[in-house]
Each structure stands twice: as structure tokens, then as C-alpha cells.
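What follows is a short report on a single structure.
The values are calculated or read from the model by the stated rules, or taken from the named source; none is laboratory data. Being a predicted model, the structure only gives us computed values, none of them experimental. Cβ placement follows ideal geometry from the backbone for every residue including glycine, while neighbour counts extend to all protein chains displayed. When the accessible area is computed, the model is the full protein with side chains, heavy atoms only, and any ligands, DNA or RNA have been set aside. Shrake-Rupley method; radii C 1.70, N 1.55, O 1.52, S 1.80 Å.
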Amino acid sequence: MSADMSGAASRANGWTVAEARDALRKGEVTAVDLTMACLTAIDAGDGLNAFVHKTPELALEQARAADARLAGGDAPAMCGIPVGVKDLFAVKGVPTQAGSNILRGFRPEYDSTVTAKLWGAGAVCLGKLNMDEFAMGSSNESSCYGPAVNPWKVDDRQLTPGGSSGGSAAAVAADLCLAALGTDTGGSIRQPAAFCGITGIKPTYGRVSRWGIVAYASSLDQAGPMTRTVRDAAIVLEAMAGHDPKDSTSAELAVPDFEAALTGDIRGKKIGIPREYRLDGMPTEIAALWDRGMDMMRDAGAEIVDISLPHTKYALPTYYVIAPAEASSNLARYDGVRYGHRAKLAQGDGITEMYEKTRAEGFGPEVQRRIMAGTYVLSAGFYDAYYNRARKVRALIKRDFELAFAAGIDAILAPATPSSAFGLGEQGGADPVEMYLNDVFTVTLNLAGLPGVAVPVGLDAKGLPLGLQLIGRPWEEADLLNHAYVLERAAGFVAKPGKWW
Amino acid sequence: MSIDSDTARKVAKLSRIRVEEGDLPELAQKLSSILGFMEQLKDVDVTGVEPMTSVTPMRLKRRADVISDGNQQAAVLKNAPDAREGFFAVPKVVE
């Protein structure tokens with residue numbers, strides 16, 4: 001840290017992206033000082049197990065380049081902003097393991113499109129963030145690095161930060177970085193964001209390039225930012241988004257100025273409240289939070305409308321057919337030949353033994369189960385009964401949303417999670433399906449391809465954050481973020497976890 | 001539908017994942033639980049519904065059939081567990 005660094009700059013790791021951007025442009029702080037503040041916080045935050053590969057040298061090199069660029073007056077919004085990257089994104093020369101032992105030692109020779117765009121805009125890479133193995137999980141416990149830990153703590157238990165982007169959520173909530181990259185296949189941005197009291201947006205499928213992001217379920221995966229404010233989400237998303245010829249499903253649409261859309265005016269908008277989301281046995285605190293969210297939107301001049309999404313209850317079983325089916329195909333590439341782990345072979349072992357031993361050693365139990373479940377539903381005799389049926393139900397789930405939007409609904413308000421953060425080791429040990437139920441409110445829009453944002457709205461009786469989720473029309477992230485901005489301002493969530501780590 | 005150890009062994013083989021005999025019963029039980037969860041889909045009337053193929057109705061773009069990348073042998077082989085003489089090396093495939 002430079003000797004003349006002011007006291008304020010040493011705490012700059014806790015700034016928002018917008019504050020840091022403005023301070024950098026005014027010359028009130030340097031990118032190097034900002035980066036040093038984050039690197040110091042990261043080293044002091046090892047107890048959270050959020051950063052699993054640190055890149056201080058790369059960070060400082062990028063920060064120095066950002067300072068030169070800022071001095072030259074050519075500074076995009078992300079110039080000099082230190083970010084953390086989920087271990088799913090390829091970063092050139094930096095370990096990229098997707099939280100799996102099967103990719104141990106893999107250092108990509110290229111950057112993902114998203115990270116390349118960020119570095120091109122001057123952002124600073126602090127390192128790679130913990131996650132569930134291959135993004136399969138809702139608690140970060142399937143990671144080969146061991147779980148990331150939620151910075152929120154109310155008793156002697158360590159709590160999950162959620163998953164799969166658990167390290168990203170923990171790092172942003174604990175002020176280790178200003179923003180983090182996450183990905184969301186069934187709720188992996190929004191659920192951890194809600195568990196850690198931060199904001200996370202999953203954009204419309206096709207808004208952000210998937211190229212260079214380790215694939216889980218290709219028709220569902222979408223990357224997005226995890227930040228401390230809605231404004232920051234708008235700034236980072238704008239830098240990530242855009243058409244990419246290298247991803248054939250990326251949309252050829254112009255990227256709007258998301259930040260400029262944050263007017264705070266939602267008068268006359270129609271907010272749908274899906275009655276099927278009011279589950280039997282929903283905790284009263286979640287129901288009360290949802291009601292408060294409706295009041296906030298109503299107070300801002302929006303109209304609250306009761307809507308029906310009749311196929312909601314089939315979303316989770318649909319997801320748990322489609323996602324493992326796609327995963328079984330995507331993960332076939334881990335064969336011990338081109339990259340990552342290869343098992344030690346015994347005398348006489350042939351190539352089949354090499355595949356089988358490599359994959360048994362490299363994949364953890366949940367990943368193995370999903371590959372096998374996916375293989376089963378795609379196998380001869382079961383393809384129609386499971387996979388094709390799930391694709392048909394998926395069409396019905398998507399149609400539910402289309403009908404709601406056609407009836408004039410602008411956004412849908414729902415809880416983000418069925419509970420606040422639970423303790424590490426408390427769920428899914430005996431029955432994997434118990435863990436799957438965490439995605440009940442988030443998974444529907446992945447199936448429909450819609451954008452969704454989780455916003456922290458309050459604390460439960462234990463003192464843990466709870467979030468609400470807004471679901472938007474396809475490609476209308478700008479409008480969706482504006483709704484989230486209204487919710488954020490009305491909720492006034494400013495609580496931070498006490499530092500115990 | 002319930003999965004027995006024989007089916008679990010077959011699925012593991014198809015997936016190219018070695019599972020020890022002793023671990024098959026637990027695997028079968030967990031897979032059965034997952035499949036039991038999927039069974040709910042049988043309650044949905046899907047008559048006349050076309051399977052969803054893409055999230056947004058977009059035609060996959062075509063590109064010119066030209067070489068756009070290549071000549072990166074060293075980079076391609078760099079992460080290989082066993083690369084020799086410019087190739088990926090694997091155990092003997094044919095006798």
C-alpha cells in the first residue's frame with residue numbers, strides 16, 4: 001500500500017462500483033490503492049474460503065494500466081474496478097477448475113468472452129471464486145475446495161452462502177471485492193445473493209455470451225453480476241452483455257444503457273403476484289416479506305395484480321430432467337485426454353478404464369449422480385418418458401409467463417428463496433432432492449429464459465438477510481433493474497455482516 | 001420407477017464412471033429418489049404440446065465455411081496430461 005494512501009482509500013474495498021468509478025475519475029483514489037485495499041481484505045478473509053485462486057500480480061498489473069488509462073481521460077465505467085471471478089469463467093493463465101478436481105491444474109490459454117470484455121474495459125481481476133462443483137448445488141458444499149462460508153453469522157454455526165455462486169456472494173457481502181461474476185442455471189446467482197444480502201441479476205438467456213464459461217446445462221446457463229447495489233448491477237451487466245459471434249445463442253441486440261434506466265419511476269406499472277408461489281408451509285417471515293414488497297411497489301405507484309402461473313409446481317422436476325441431461329452430454333468432454341486430471345492406470349488398463357477411473361476420481365458425488373441421472377433419462381426407452389416430456393412441460397411453463405406478460409404484466413414479484421441461509425452440513429446429506437428444493441422460486445425463469453433479479457429487502461428474526469425476486473419480460477433488463485431499484489430504495493437494506501473472520 | 005443395483009451399474013457404465021460394487025446400492029437409492037421426483041411430470045397433460053427446443057425463437061446463425069482459427073498446436077496441447085511429439089497420448093486403443 002502506498003505510504004500516502006488516505007484512510008478512506010484503505011477502506012475502499014467497501015465502496016460501491018459507482019462510488020469507486022466516480023472517485024477514480026476525479027482522481028480521489030488510484031486503481032492501485034483500490035486494488036490493494038481489496039487484496040488486503042482478501043488475505044484477511046481466508047476464513048470465508050471465498051477466493052480459491054488469488055491473482056495479486058495480475059491485479060496490480062491491470063490496476064497500473066487502469067491508472068494510466070484514467071490519467072489519459074479514456075476510462076470506461078469499469079476501468080480500475082477490482083472484481084472477483086467465479087471459477088467457471090476461463091481466465092487466461094489462471095487456474096479454472098469449475099470447483100472440480102477433474103480440472104485440477106487446468107490453466108486456459110484464452111479468456112471467456114465476458115472476462116475479456118471486462119479486462120478490455122479496464123477492470124481488475126482479483127482472482128477466482130469458490131463455487132459448487134460444475135455449478136451443481138445450492139450450498140457451495142459440492143466444491144472441491146470445501147465450502148465457502150457466509151459472512152453472516154448469528155450463532156456458533158457456519159452458514160452456507162448459497163450456491164452455486166457462493167464464493168461470489170460471500171466475497172461481495174464481505175467487501176473482498178467491489179463486484180463479482182456469477183452464473184445462474186437454476187438460481188445460482190439469485191439464491192446466494194439473497195442468502196448473503198446482496199443484489200444479483202440473471203439476464204435474459206442470450207444477453208451475455210457463454211463462450212469460455214464451463215458449461216453445465218447449455219440451454220439454461222447465463223452469466224450475470226453480483227453486486228452490493230442495483231446501480232452496480234446495471235453498470236457491470238452493461239460491461240458483460242452483448243452479441244458474441246462465438247456463442248451461437250447470443251442475441252444480436254444492442255445493449256441499452258442500464259444505469260440510465262434507473263429513474264425510480266414505476267407509476268402505472270403492473271406487478272404480477274403469482275398465486276402458485278404461495279407454497280403450503282411457506283415460513284411466515286417469507287410471506288410477510290413478500291407482502292411488504294408488494295406494499296413498497298404499491299406505494300411507488302405500481303398496481304399489484306394477482307396472476308396465475310399454473311405449471312409452477314412442475315418447474316423443479318422439469319429442471320432436474322433437463323439440466324442433468326444436458327450436463328451428461330456437456331461433461332462427456334472430461335475424459336483425461338485433453339486437459340485436467342488423468343487417473344493413474346494399472347497394468348493392462350485400456351482406454352475405457354482410463355475414462356472410467358479418471359471420471360470416478362475427478363468428479364464429486366453430486367456431479368456423478370447428475371451425469372448418471374442425465375444419462376438415464378436420455379437412454380433408449382426412457383428418452384420420451386422423461387426428457388421429451390420435460391421439454392414439453394418446459395414449453396408450458398414458458399407459455400404461463402408469456403400469457404401473463406401478454407395480459408399487461410410488467411414484472412413479477414416473488415420470494416427469492418424459501419428460507420434464509422442454513423447451516424453448512426444441514427441439508428441434502430441423505431436425500432439429494434432436499435437440496436434441490438432451494439431452487440423452487442428461481443428455477444422457473446431459467447426454464448423460460450427470462451431475466452430475474454434478487455434484491456435484499458430485510459432481515460429475519462435470527463438477523464439473517466432475506467431477498468425478494470423480480471422477474472422481467474425478455475430483453476427488458478433495463479425496466480427490470482428499474483423495478484429492482486424502486487424495491488431497493490423502499491427497503492433501505494443497509495445491514496452488513498459483523499466481521500468475525 | 002425404482003432403480004436397482006443392476007440398472008445403476010449399467011448407467012455408471014454408460015456414463016464411463018467407475019463405481020465400486022459396494023457403492024451400487026446407495027447410488028441406486030439416490031438415483032431412485034431423483035427419478036421419483038421426476039415422476040411428477042407424468043401428471044401433466046402434454047397432449048399436442050411441441051417440445052421446447054430453444055429459449056428464444058431464433059434461427060441458429062450460419063457462418064461462412066472458412067477457416068477462422070487454427071495453427072495453435074502448442075496452446076491446444078499445453079494442458080494435456082500426456083502429450084508427445086505434437087499429439088495427445090492415450091493408452092493403446094486397438095490390439
- Only one of (1) buried (at least 24 other Cβ atoms within 10 Å of the Cβ); (2) within 22 Å of A:G47 (Cα to Cα) does not apply to A:V236, and that is (2)
- Single residue of the range A:268-326 satisfying the filter (more than 26 Å from the chain's Cα centre (by Cα) and polar (S, T, N, Q)) that is farthest from A:G492 (Cα to Cα): A:S308
- Output the number of residues of the range A:271-286 satisfying the condition of being open to solvent by less than 70 Å² (accessible area, probe 1.4 Å) and in contact (Cβ under 8 Å) with a residue 60 or more places away in the chain. 9
- Task: Go through (1) more than 8 Å from chain A (Cβ to nearest Cβ); (2) in a helix (DSSP H, G or I) one by one and return the number of the condition B:Q40 breaks.
- Result: (1)
- Looking at A:L181, A:L220, A:L176, which is the one that is assigned to a strand (DSSP E or B) and either under 20 Å from A:A241 (Cβ atoms) or not charged (D, E, K, R) (or both)? A:L181
- Task: Could you please find all residues in the range A:372-392 being open to solvent by 20 Å² or more (accessible area, probe 1.4 Å) and in a helix (DSSP H, G or I)?
- Result: A:T375, A:L378, A:Y383, A:D384, A:A385, A:Y387, A:N388, A:R389, A:R391, A:K392
- Going by the structure shown, is A:A68 open to solvent by 10 Å² or more (accessible area, probe 1.4 Å) and over 24 Å from the mean Cα position of the chain (by Cα)? yes
- Item | Residue count for the range A:393-433, restricted to those that are among the acidic types (D, E), within 14 Å of chain B (Cβ to nearest Cβ) and open to solvent by 20 Å² or more (accessible area, probe 1.4 Å) | 2
- Across the range A:144-173, the tally of residues that are open to solvent by 10 Å² or more (accessible area, probe 1.4 Å) and either touching a Phe, Trp or Tyr at 6+ places or on another chain (Cβ under 7 Å) or within 27 Å of A:L58 (Cβ to Cβ) (or both) stands at 5
- Message: With the requirement that a residue be in contact with a Pro (Cβ under 6 Å, 6 or more places away or on another chain) and assigned to a loop (DSSP other than H, G, I, E, B), what does the range A:184-197 give you?
- Response: A:G197
- Query: Hey, A:D299 hits all of (1) open to solvent by less than 40 Å² (accessible area, probe 1.4 Å); (2) more than 30 Å from A:V377 (Cβ to Cβ) but one; which does it fall short on?
  - Reply: (1)
- How many residues are buried (at least 24 other Cβ atoms within 10 Å of the Cβ) and not small (G, A, S) if we restrict to the range A:466-481? 8
- Query: Is it true that some residue in the range A:347-364 is closer than 30 Å to A:T444 by Cβ and open to solvent by less than 20 Å² (accessible area, probe 1.4 Å)?
  - Reply: yes
- Task: Look through A:K462, A:K496 and report the one residue that is surrounded by fewer than 19 Cβ atoms within 10 Å (Cβ to Cβ), over 25 Å from A:A217 (Cβ atoms), out of contact with any Ser or Thr (no Cβ under 9 Å at 6 or more places or on another chain) and of a type outside the set (S, T, Y).
- Result: A:K496
- Item | Selection status of A:A59, in contact (Cβ under 8 Å) with a residue 60 or more places away in the chain, of a type outside the set (D, E), surrounded by 22 or more Cβ atoms within 10 Å (Cβ to Cβ) and in a loop (DSSP other than H, G, I, E, B) | no
